[in-house]
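No lab work stands behind these numbers, since they all come straight from the coordinates. Predicted model, so just to flag it, every value in this text is computed and none were measured. Counting neighbours? That spans all protein chains shown, and the Cβs are built from the backbone with ideal geometry, glycine included.
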Amino acid sequence: MHNHSWQDPSYYINKIFIEESCLDLEYTREIIDRAGLPWSVVPERQKPNSLAEAYVENLSAGKKQLYLCNNRGVFFKPCPGTREYQCCDYQVLNTGTNCPIDCVYCILQAYLNTPWLTCYVNIAQMFTELTATLSANPQQFFRIGTGEFTDSLAIDRLTQLSGKLVPFIAGWDNAVLELKTKSGVVDNLESLEHRDKTVVAWSLNSPFIMKNQEMRSATLEERLNAAKKCAEWGYKLAFHFDPVIDHPGWQEGYTATIERLFEVVPAKAIVWISLGALRFLPSLKEIGIKRFPASRIYYNEFIQGLDGKARYFRPNRVALYQHLYRQLKQKAADTTCIYFCMESDEIWHEVMGYIPKERGGLPVMLDRAMRSS
């Protein structure tokens, strides 16, 4: 299967490293038994190999390696939003770092400094943290996502973390889990007890961007078919047009993707759809151009945004957004919350005709969409 399809990019991994103290964890054993790949032990707190010394050059090689280790920091923390832009109050669950998919625009290239895929196997600690926070704050509603530093499902065939996380979240009234992916890996979700508490989400883009700037990602059809299956299993869905990228033929491209989305996936299953134009740390440009010399996406005109990231000029962003918003509005269910990720009130008002505060704020809008769908 994996010779021609990247529906499951975990087949790209060919070697596993294990931090010594993690060797006897039951979860580690499950993963190495399932993977059937060669593995070796890494002394405590050491790096698996020297790939990190020439980080950018070795990123491609590193994506074939999985490092099972301890998360020595916290698993569960709020998303690093920026005050100047409307943030959705997301809580990040950090289950690992990096991803076997390789997107030209991936922010992690500039964010992380190790090239291999990391999966944290001290998950007892993760569930302890979740339990402590959720039980201490029964009045607060938590929207939790695992897709911030990694793809939520890309290596789920090996880790089967979804099988532990989805039923856990199903037991809480004040939490919802979003699993965000560019893969088609959903089979593990089929028989889980999810009690409407898990949203399965896909990043989508124009066909050109998916094909040329998202290496080893599932095709549009593979993503949408996976989404359709999840809808049939009773899951709520979400889609993220992020990053929206200005490129030749973008209008037709995004229109085609949106039309196909609503042909395949039931509109009423979709709780939210986000839009976010391409933005990146200035250091990413150099890395991106070095690793993907054929890509043109870094050669547009950019300004520095309030968060220090490069962004398109405002009229450009507005033009991109208005086009997508119009298309989505025609087809989406009334209950679906269409929102911007990290944009200013001015942009909200110009494109959508209102600002989040008028509707109780973005977190409230998303929670409402979750309840009404």
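Restricting attention to the stretch 211-300, which trypsin sites (Lys or Arg not before Pro) occupy a DSSP loop and are surrounded by at most 15 other Cβ atoms within 10 Å? If you can, show how the numbers build up before the last one.
Working: sites: K211, R216, R223, K228, K229, K236, R260, K268, R279, K285, K290, R291, R296; in loops: R216, R296.
Taking the stretch 211-300 and a limit of 15 other Cβ atoms within 10 Å, the loop trypsin sites (Lys or Arg not before Pro) found are R296.
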Note to self: What whole-number distance in Å separates the alpha-carbon centres of the stretch 138-161 and the stretch 240-254?
What the structure shows: 26
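Provide the FRET efficiency to the nearest 0.05 for the S191-I107 pair, computing r from the beta carbons and using R0 = 30 Å.
With a Förster radius of 30 Å, E is 0.35.
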Notebook entry, point to check: DSSP beta bridges in the chain, what fraction antiparallel, as a percent rounded to 5?
Noted result: 25
Next item on the list: Using the structure shown, list the pairs from K77/K180; K309/K331; K64/K236; K197/K309; K180/K290 with a Cα-Cα distance above 25 Å, or answer none.
Entry: K309/K331; K64/K236; K197/K309; K180/K290
Next item on the list: Find the relative contact order for the stretch 44-200 and round it to a whole percent, using C-alpha pairs within less than 8 Å whose residues are 6+ positions apart.
Entry: 23
Checklist line | Among Y299, F262, P48 the positive-end extreme of the charge dipole of the chain (Cβ point charges) | finding: Y299
Margin query: For the stretch 1-128, what does the relative contact order come out to in percent, with C-alpha contacts under 8 Å and a separation of six or more?
Written below: 30
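Rounded to the nearest 500, what is the 222 nm mean residue ellipticity of the chain from helices alone, with -39500 (n - 2.57) per DSSP H run of 4+ residues and division by all residues?
Helix contribution divided over all residues of the chain: -10500 deg cm²/dmol.
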Next item on the list: Read phi for every residue in the stretch 106-118 and hand back ³J(HN,Hα) as whole Hz from Karplus 6.51 cos²θ - 1.76 cosθ + 1.60, θ = phi - 60°, with x for Gly and Pro.
Entry: 4, 5, 5, 4, 9, 9, 8, 10, 10, x, 7, 7, 10
Item checked: Gained length - T219 relative to K64, 0.36 nm times residue gap less alpha-carbon distance -> 53.8 nm
Notebook entry, point to check: K268 to K357: extension gain in nm, 0.36 nm per residue of separation minus the Cα-Cα distance?
Noted result: 29.5 nm
Next item on the list: Can you grab the distance from the C-alpha centre of the stretch 163-187 to the C-alpha centre of the stretch 308-359, Å, no decimals?
Entry: 27
Next item on the list: Would you work out which of A132, L362, S344 lies farthest towards the positive end of the dipole of the chain? Charges go on Cβ: Lys and Arg +1, Asp and Glu -1.
Entry: S344
Notebook entry, point to check: Considering only DSSP states other than H, G, I, E and B, which GluC sites (Glu not before Pro) in the stretch 132-222 qualify as loop sites with at most 12 other Cβ atoms within 10 Å?
Noted result: E190, E193
Check: Working from the pairwise distances between different alpha carbons, so that the mean of 1/r is found and then inverted, what is the stretch 9-372's Kirkwood radius in Å?
Finding: 21.1
Next item on the list: Averaging sequence separations of C-alpha pairs under 8 Å and six or more residues apart, then dividing by the length of the chain, give the relative contact order as a whole percent.
Entry: 16
Item checked: Inter-site label distance for Y299 and V41 at 7 Å from Cα along Cβ, in nm -> 5.2
